[in-house]
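Input: a single structure, listed below in structure tokens.
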Amino acid sequence: MATKEVVQRDSFTSKLGIIAAIAGSAVGLGNIWKFPYITGVYGGGAFVIVYLICIVLIGLPIVLSEFIIGRKAQRNAVGSFRFLAPRTYWYVPGLMGVTAAVMILAFYGVVAGWTLEYLLKAITNSFAGKNPADLEGIFGGFISQIARPIFWQIIFMSLTCWIVVAGIKGGIEKASKLLMPVLLVIIVILDTRAITLPGASEGLSFLFKPDFSKLTAEGILIALGHAFFSLSLGMGTLITYSSYMSKEENLATTAVQITIVDTGIALLAGIAIFPAVFAFGIEPGAGPGLVFITLPNVFQQMPGGYIFCILFFLLLAVAALTSSISILEVVVAYFVEELHLKRRTATIMSAVGITIIGFPCSLSMGVWSKVTFMDRTFFDWLDFIASNILLPLGGLLIVAFVGWILGREGAEQELTNDGELSAGYLPLFMFLAKFVAPLVIAVVFLHGLGLF
Ligand code: PHE
């Protein structure tokens, strides 16, 4: 009897831990920094609608597909495919995932470094009395420097590396379980302030009133890519994390919960930012600086703004950290498995390599901003190739694997926990997994690249 109780309590704790880890991976800079910035660049409401369609029709089925693969195989991304489809080329999506992880973490670490600089600026009250133009100058002046952003990038990457080496994920999970709700509360407070600013309604209509004439093929591809980026999809993160999920977990419920939380936080971040963008006369298409320029303005307009500003950048850094460890894990797991490196060596090696690849990303905000190829800087290229090519392709292969290789029986077994749960949505899921998701990804993809 006693043993039974212990077992049950254990599985309950780890169940919460795994969900916290998955939510921690999904919620990050993608929601609060990238979503508002690309929404601004690609024209607002219509982009948001396409993004939401991508989340429901493609994102959700792929979250579920990664869960099915990971929990069935109980292995990391490459190993799972090797186990479920031995002696085939199905491990290739795993390798693509590792490549995407390297590229994403290279620029992710740079932006995460910015949040640390802004945390310091918030603590030292550097935004006090500054107008929107000053704040734009502060941001531009900071990211175009050579040493300072790189210094913060190195600090952030060291933190990521340290956590992955020391395996104190338990601590981070506990911390993020506590901290993420706090982040949510702060965003809601920010939302309340933002939508009561004079002129705020223009920002809300920018975000929610679609103007389809502003929508481009490239915009649709970016929306699709961001659905993958934001849900941590297409590169095996969720395969790896779900391999630790208990066999009692209801995969579909978990997938829906994670998707709602992730999308909700992105929308709330948009609601905090766009009304303020219009109220302060900031350019919505300002690019990667949007959040960093806009929010310090809002904090200045609210009581207790000094404290909220510190808390916000602290929590943004933590949210970035719980995502960056999940990205580094993909690379480390691969090196440990395939090259049989020690975990510590593999982690330090990949973190150092990725940080170095990040240097030109950081420099492309300043001294190398004119070094472009087809109008994209090094930073933009890494983001574009990883988020808009490798993740969607990886996702296509993952969902097609579940639809066509594992098939209905294989999926049903995981989704119903061997017949324990009912899964009335199974035919719909199979239809999405076999046809809709792969087809839509292929069309958007070829169209966005101008090949179709
Ligand atoms: N989803 C994370 C974010 O929104 C980024 C991420 C991408 C994490 C891919 C893991 C894998 O910030």
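The values are calculated or read from the model by the stated rules, or taken from the named source; none is laboratory data. Computed from a prediction, not measured in an experiment: that's the story for all the values here. Note that each Cβ is placed from the backbone with ideal geometry, even for glycine, and that neighbours are counted across all protein chains shown. Protein only, heavy atoms only, side chains kept; ligands, DNA and RNA dropped before computing areas. Shrake-Rupley method; radii C 1.70, N 1.55, O 1.52, S 1.80 Å.
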Original post:
Do you know which residues across segment 206-235 are within 16 Å of the ligand (Cβ to nearest atom) and either open to solvent by 10 Å² or more (accessible area, probe 1.4 Å) or assigned to a loop (DSSP other than H, G, I, E, B) (or both)?
Top reply: 222, 229, 231, 232, 233, 234, 235
Original post:
Somewhere in segment 171-186, is a residue hydrophobic (A, V, I, L, M, F, W, C) and outside any helix (DSSP H, G or I)?
Top reply: no
Subject >> Residue selected from segment 352-369 under the condition open to solvent by less than 30 Å² (accessible area, probe 1.4 Å) and of a type in the set (Ser, Thr, Tyr), by the criterion farthest from the chain's Cα centre (by Cα) >> reply: 364
**OP:** From the list 310, 282, pick out the single residue that is over 30 Å from residue 76 (Cα atoms) and surrounded by 21 or more Cβ atoms within 10 Å (Cβ to Cβ).
**Re:** 282
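From the list 317, 286, 269, 351, which one is of a type in the set (A, V, I, L, M, F, W, C) and over 18 Å from residue 28 (Cβ atoms)?
Details: 317 fails: over 18 Å from residue 28 (Cβ atoms); 269 fails: over 18 Å from residue 28 (Cβ atoms); 351 fails: over 18 Å from residue 28 (Cβ atoms).
On inspection, the qualifying residue turns out to be 286.
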Subject >> Residue under evaluation residue 383, criteria (1) part of a helix (DSSP H, G or I); (2) of a type outside the set (Phe, Trp, Tyr); (3) open to solvent by 40 Å² or more (accessible area, probe 1.4 Å), criterion not met >> reply: (3)
Original post:
So residue 75 fits all but one of (1) farther than 26 Å from residue 404 by Cβ; (2) at pLDDT below 95; (3) open to solvent by 10 Å² or more (accessible area, probe 1.4 Å); (4) more than 15 Å from the chain's Cα centre (by Cα); what number is the exception?
Top reply: (1)
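Among the residues in segment 236-252, are any more than 15 Å from the ligand (Cβ to nearest atom), modelled with pLDDT of 95 or more and either assigned to a helix (DSSP H, G or I) or open to solvent by less than 10 Å² (accessible area, probe 1.4 Å) (or both)? Steps first, please.
As a first pass, look at segment 236-252 and keep what is more than 15 Å from the ligand (Cβ to nearest atom): 243-252.
In the following step, the residues that additionally are modelled with pLDDT of 95 or more were identified as 251-252.
Next cut, either assigned to a helix (DSSP H, G or I) or open to solvent by less than 10 Å² (accessible area, probe 1.4 Å) (or both) only: 251-252.
For segment 236-252, residues more than 15 Å from the ligand (Cβ to nearest atom), modelled with pLDDT of 95 or more and either assigned to a helix (DSSP H, G or I) or open to solvent by less than 10 Å² (accessible area, probe 1.4 Å) (or both): present.
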Subject >> Filtered residues of segment 94-126 (kept if open to solvent by 10 Å² or more (accessible area, probe 1.4 Å) and away from the ligand (no atom under 13 Å from the Cβ)) >> reply: 95, 116, 119, 120, 121, 123, 124, 125, 126
Original post:
Looking at 337, 329, which one is away from the ligand (no atom under 16 Å from the Cβ) and either over 23 Å from residue 121 (Cα atoms) or surrounded by 22 or more Cβ atoms within 10 Å (Cβ to Cβ) (or both)?
Top reply: 337
**OP:** Take segment 160-181 and flag every residue that is buried (at least 18 other Cβ atoms within 10 Å of the Cβ) and modelled with pLDDT of 85 or more.
**Re:** 160, 161, 163, 164
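Can you pull out the residues in segment 422-446 that are in a helix (DSSP H, G or I), over 24 Å from the mean Cα position of the chain (by Cα) and not aromatic (Phe, Trp, Tyr)? Walk me through how you get there before you give the answer.
Kept after step one, since they are in a helix (DSSP H, G or I), are these residues of segment 422-446: 426-446.
Imposing the further condition that a residue be over 24 Å from the mean Cα position of the chain (by Cα) reduces the set to 426-428, 430-431, 434-435.
426, 427, 428, 430, 434 - these are the residues of segment 422-446 that are in a helix (DSSP H, G or I), over 24 Å from the mean Cα position of the chain (by Cα) and not aromatic (Phe, Trp, Tyr).
Residue check: is residue 395 open to solvent by 10 Å² or more (accessible area, probe 1.4 Å) and not aromatic (Phe, Trp, Tyr)? Steps first, answer last, please.
Numbers: open to solvent by 10 Å² or more (accessible area, probe 1.4 Å): no; not aromatic (Phe, Trp, Tyr): yes.
It is false that residue 395 is open to solvent by 10 Å² or more (accessible area, probe 1.4 Å) and not aromatic (Phe, Trp, Tyr).
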